[in-house]
Amino acid sequence: METQIVLEKWPGVISTVSIGATKAEGGTRSNVVKIGGQTAMPLLFREGVIPNKPKIAFEIWDIAPLDFDEELLCAYGKAIRDPFAWAEVCVNDYKAELLCLKMQGTHPDFGNKTPQDAAKFVSTLLHKVKVPLVILGSGDDFKDNLVMPVCSEAAKGERCLIGCAVQENYKTLVASVLADGHNIIAESPIDINIAKQLNILISDMGLALERIAINPTIGALGYGLEYAYSIMERARLAALSGDKTLASPFICFVGQETWKTKEAKVSPQQGIIWETLTATSLIQSGADLLVMRHPQAARNVSKHIEALFRE
């Protein structure tokens, strides 16, 4: 008897979020990165359309990192002492098509840079590299409410992806993104209901659901990855079933989670493997944008993505 392949067809579609604006679109970026747009579950090519491959963003900071593992420091050499040189190495040497800038130097415990310092840094970085940007705050809510609006204004017209908005502290960031033409990252603590509610709150302020990326706050391999995987899978199933409030692409901070684990610090090679396996696992659960740290791990994952989409 001939085996019949059962194919699922879904009524929903994941929003397509565009990051970066070219000269023709009013910006100065050399390219536009698109994430999302699927009408099927991850990698099930026969069941629908998957127009955009998962993308990789290289993580950089506005200061020299103080707590990076030695292997990460060696990977970038002297350039890591200068954030602009670090960014240029990512783009020129490692061919990054997207950078994720974390404004760590504005944190009260890591330099306490002023909002004006942050705005100047963003403006200079936009001049030095031409790839699209993801821009993150330092994680201190009070300081981020002062810093992120001026960073947003400094990048006005460049259609960046800016974050992270959380349920308790989202209004200032949403207002800035609306005013300056950016997209936003909505962060929820591995909870599908909070993710949905936050997207509703953001859209109620006037920002289209199509301009939101969800940060589900993943864990690294061996540190809650399977729970994050299941939450992402449930959210994607709901979105494809027709729930537009969850139909946002996922951004996952792979490098950040991987390199704070003890396993990643055992040896240089194991750290690279740990980041690679965390990223490739999340691709299976629907990750659209992977923020990574080690260039070799990013290269491994890029090759894996190409192999998956070769058909």
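Every read-out reported here was derived from the displayed coordinates using simple, explicitly stated rules and does not represent laboratory data. A quick note: this is a predicted structure, and the numbers were derived from the prediction, not measured. A quick note on method: Cβ atoms are made from the backbone with ideal geometry, for glycine too, and the neighbour counts reach across all protein chains shown.
Quick look at the numbers
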quantity: Elements of type helices (runs of 4 or more DSSP H) in the stretch 222-311, at least 3 residues being under 17 Å from L44 (Cβ atoms) and in contact with a Leu (Cβ under 9 Å, 6 or more places away or on another chain); calculated: 225-240, 268-285
quantity: Which listed residue, of A239, A220, A247, is farther than 22 Å from L98 by Cβ and either of a type in the set (A, V, I, L, M, F, W, C) or out of contact with any strand residue (DSSP E or B) (no Cβ under 7 Å at 6 or more places or on another chain) (or both); calculated: A239
quantity: Qualifying position, being on the phi > 0 side of the Ramachandran plot, exposed (fewer than 15 other Cβ atoms within 10 Å of the Cβ), without any contact (Cβ under 8 Å) to a residue 60 or more places away in the chain and not in a strand (DSSP E or B), among K95, K9; calculated: K95
quantity: Conditions (1) of a type outside the set (A, V, I, L, M, F, W, C); (2) touching a residue at least 24 places away in the same chain (Cβ under 8 Å); (3) part of a helix (DSSP H, G or I): number failed by S138; calculated: (3)
quantity: Test set (1) over 19 Å from the mean Cα position of the chain (by Cα); (2) touching a residue at least 40 places away in the same chain (Cβ under 8 Å); (3) surrounded by 16 or more Cβ atoms within 10 Å (Cβ to Cβ); (4) under 20 Å from I162 (Cα atoms) - D117 fails condition number; calculated: (2)
quantity: Residue count, the stretch 98-120 (criterion: in a loop (DSSP other than H, G, I, E, B) and out of contact with any helix residue (DSSP H, G or I) (no Cβ under 9 Å at 6 or more places or on another chain)); calculated: 2
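Rundown of residues vs (1) within 16 Å of the chain's Cα centre (by Cα); (2) buried (at least 19 other Cβ atoms within 10 Å of the Cβ); (3) touching a residue at least 40 places away in the same chain (Cβ under 8 Å), yes/no style:
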| site | (1), (2), (3) |
| --- | --- |
| L240 | no, yes, yes |
| D243 | no, no, yes |
| E257 | yes, yes, no |
| K265 | no, no, yes |
| G286 | yes, yes, yes |
| H294 | yes, yes, yes |
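Listed here are the residues, each with its yes/no results for (1) farther than 21 Å from L136 by Cα; (2) touching a Leu at 6+ places or on another chain (Cβ under 7 Å); (3) surrounded by fewer than 20 Cβ atoms within 10 Å (Cβ to Cβ); (4) among the aromatic types (F, W, Y).
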site	(1), (2), (3), (4)
T16	no, no, yes, no
I19	no, yes, no, no
E25	yes, no, yes, no
G36	no, no, no, no
I60	no, yes, no, no
L66	no, no, yes, no
E88	no, no, yes, no
L101	no, yes, no, no
